[in-house]
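The values are calculated or read from the model by the stated rules, or taken from the named source; none is laboratory data. Since the model is a prediction, treat every value here as computed from it, not as a measurement. A quick note on method: Cβ atoms are made from the backbone with ideal geometry, for glycine too, and the neighbour counts reach across all protein chains shown.
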């Protein structure tokens with residue numbers, strides 16, 4: 001299944017469902033932290049392409065399928 005094109009804010013909202021929270025923002029990049037997981041940086045763009053989204057998911061240690069389930073909750 002293909003990952004959808006999402007905005008940075010939508011990605012942040014979805015990651016918040018598994019415990020990520022905003023630590024800081026510098027320019028158009030939002031830094032998120034989660035206890036027990038790697039920190040991730042999400043670009044605050046209207047549309048984040050699939051490559052950077054895959055990198056964010058890899059850093060957050062969640063699969064595409066898990067992310068899509070969280071997105072639909």
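Some observations on this one:
- The single condition from (1) farther than 18 Å from residue 61 by Cα; (2) touching a strand residue (DSSP E or B) at 6+ places or on another chain (Cβ under 6 Å); (3) surrounded by 12 or more Cβ atoms within 10 Å (Cβ to Cβ) that residue 7 fails is (2).
- Single residue of segment 12-35 satisfying the filter (in a loop (DSSP other than H, G, I, E, B) and under 12 Å from the mean Cα position of the chain (by Cα)) that is surrounded by the most Cβ atoms within 10 Å (Cβ to Cβ): 20
- Contact map, segment 57-71: first residue farther than 21 Å from residue 22 by Cα, second residue at pLDDT below 95 and not in a helix (DSSP H, G or I), Cβ cut-off under 9 Å, separation 6 or more or different chains; pairs are 64/1; 64/2; 64/3; 65/1.
- Comparison of 38, 9 shows that the only residue that is assigned to a loop (DSSP other than H, G, I, E, B) and under 23 Å from residue 65 (Cβ atoms) is 38.
- Members of segment 42-54 that are without any contact (Cβ under 8 Å) to a residue 40 or more places away in the chain and within 14 Å of residue 12 (Cα to Cα): 42, 43, 44, 45, 46, 52
- Search result, residues across segment 41-67 that are out of contact with any strand residue (DSSP E or B) (no Cβ under 6 Å at 6 or more places or on another chain), surrounded by 16 or more Cβ atoms within 10 Å (Cβ to Cβ) and part of a helix (DSSP H, G or I): 53, 57, 67
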